[in-house]
Amino acid sequence: MGASATTKFTAAARVLAQRAAELDLVVPGFRSPPRIVGINRSIRRGRDGQGGVVAVRIADRPFTAAVGDMIEGVIHINRLEPPEADRVRTQLWRTMLQFTVETSSARRQASDSSATDSDRDKPDLDSGVPFGRVA
C-alpha cells in the first residue's frame, strides 16, 4: 500500500468511525491488509462479542470497493438486519462519497486543461442532469 493509499485509508476509516459513532453504532477498528492472504475483507469480532476489527485489502482494487467493504463491516459488526441495515448503509455511503467520487469541477478542470478549442465548443454531456424522468 503506497503512502497516498495509506493516507486515504486512514482518513476514510476516521470519517467512517465518526459517522458510525454519531449513529450510535459500535465502531470497529479498521486495518489493511487482512491477515489472510488472497481475500479482500475479513471481520474479526471482539472476544466479548462487541466490536471487532474490519480488515480490507487496498492494493490492486478500486478504493471504492474497499470503502464498500468497510461499510459492510460496520453493518456486520452491529448485526444489523433490513430495513435498519439498509437505512444505515445509505447514511454511511452518503458520508463516504467524498472518498469514492471525483467532483465534477475537478473533472471539468482536468478536461479543460487538455481540451482543444473545438472540444470546448461541444456541449457538456456530464452535467449531472438525468436523461429522463422516473415516474
### Query
Within the range 61-73, can one find any residue that is of a type in the set (Lys, Arg) and at pLDDT 95 or above?
no
### Those residues of the range 13-55 which are in contact with a Leu (Cβ under 9 Å, 6 or more places away or on another chain) and assigned to a helix (DSSP H, G or I), in sequence order
LEU16, ARG19, ALA20
### Query
What about SER118, is it modelled with pLDDT under 50, more than 18 Å from ARG19 (Cβ to Cβ) and either part of a helix (DSSP H, G or I) or of a type in the set (S, T, N, Q) (or both)?
yes
### Message
Of everything in the range 1-32, what is crowded, with 17+ Cβ neighbours inside 10 Å and without any contact (Cβ under 8 Å) to a residue 60 or more places away in the chain? Give them in sequence order.
### Response
PHE9, ALA13, ALA17, VAL27, PRO28, PHE30, SER32
### Message
Quick check on my filter: what residues within the range 27-44 are touching a strand residue (DSSP E or B) at 6+ places or on another chain (Cβ under 8 Å), within 14 Å of ILE71 (Cα to Cα) and of a type in the set (A, V, I, L, M)?
### Response
ILE43
### Message
If the requirement is being within 14 Å of the chain's Cα centre (by Cα), under 23 Å from GLN98 (Cα atoms) and in a loop (DSSP other than H, G, I, E, B), which of these qualifies: ILE58, ILE75, ILE71?
### Response
ILE58
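The values are calculated or read from the model by the stated rules, or taken from the named source; none is laboratory data. These numbers were taken from a predicted model, which means no experiment stands behind them. Quick reminder, even Gly has a Cβ in these numbers, built from the backbone with ideal geometry, and neighbours come from all protein chains shown.
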